[in-house]
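Bear in mind these aren't lab numbers, they're just calculated from the coordinates by the rules spelled out. Model, not experiment: these values are computed from the prediction. Here the Cβ positions follow ideal geometry from the backbone for every residue, glycine too, while neighbour counts run over all protein chains shown.
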């Protein structure tokens, strides 16, 4: 009985240490937070995503994958790699899609999916998001977005001002991709 009790005790203690070690090394669930909006830049005709690393640690070996569904077909692009991402607001250009392709092929149900895989110290994690055409804003280029987020490079994540600016900021008058395509289609039919 004593020998069996010793083995059970060692086993339970080992499991307890393993569970606490895994919990301590795992990144928090909200390590990567995506903005509510993605963007389509008419110059250089690319989608742009905005996200923030909410931890006080650097993320390494970052791979950003994106898939844009246009006309019912998924366009898969090679992933983007970044050696590290610091604790700040990040903007990345992803899929390149011409304005003509958007105007001619975009239809209901099309969307942009973005996934991020990264390493933090001894653990790996993933985050992903899907943007419908109502959640993608059309802007001229990345410059205005960079200038807007420049004061937020070192953010206070608990600040209501930061959250509002991060999720709803930039260009309040920017049309959604869906509205922009519908307007472009209307203008095209009028010129024909």
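Between residue 61 and residue 4, the simple label model (points 7 Å from Cα in the Cβ direction) yields a spacing of 4.4 nm.
D by Stokes-Einstein for the range 58-102, Kirkwood Rh over Cα pairs, 4 °C, 1.567 mPa s: 105 µm²/s. Annotation: extensible slack from residue 167 through residue 13 equals 51.0 nm (criterion: 0.36 nm per residue apart, minus Cα-Cα distance).
By the beta-carbon count within 10 Å of each Cβ, the least crowded to most crowded order of 74, 180, fewest first, is 74, 180. Take the Cα of residue 98, step 7 Å toward its Cβ, do the same at residue 132, and the gap between the two points is 2.9 nm.
Note on the chain: GNM, Cα springs under 10 Å; of 18, 75, 127, the largest mean-square fluctuation is that of 18. Across every direction, the projection of the convex hull enclosing the Cα atoms of the chain has a mean area of 15.0 nm². Distance between the pseudo-spin-label points of residue 80 and residue 147 (7 Å out from Cα toward the beta carbon): 2.1 nm. Per-residue ellipticity at 222 nm computed for the chain from its helices equals -10000 deg cm²/dmol, with DSSP H segments shorter than 4 residues left out and the rest contributing -39,500 (n - 2.57).
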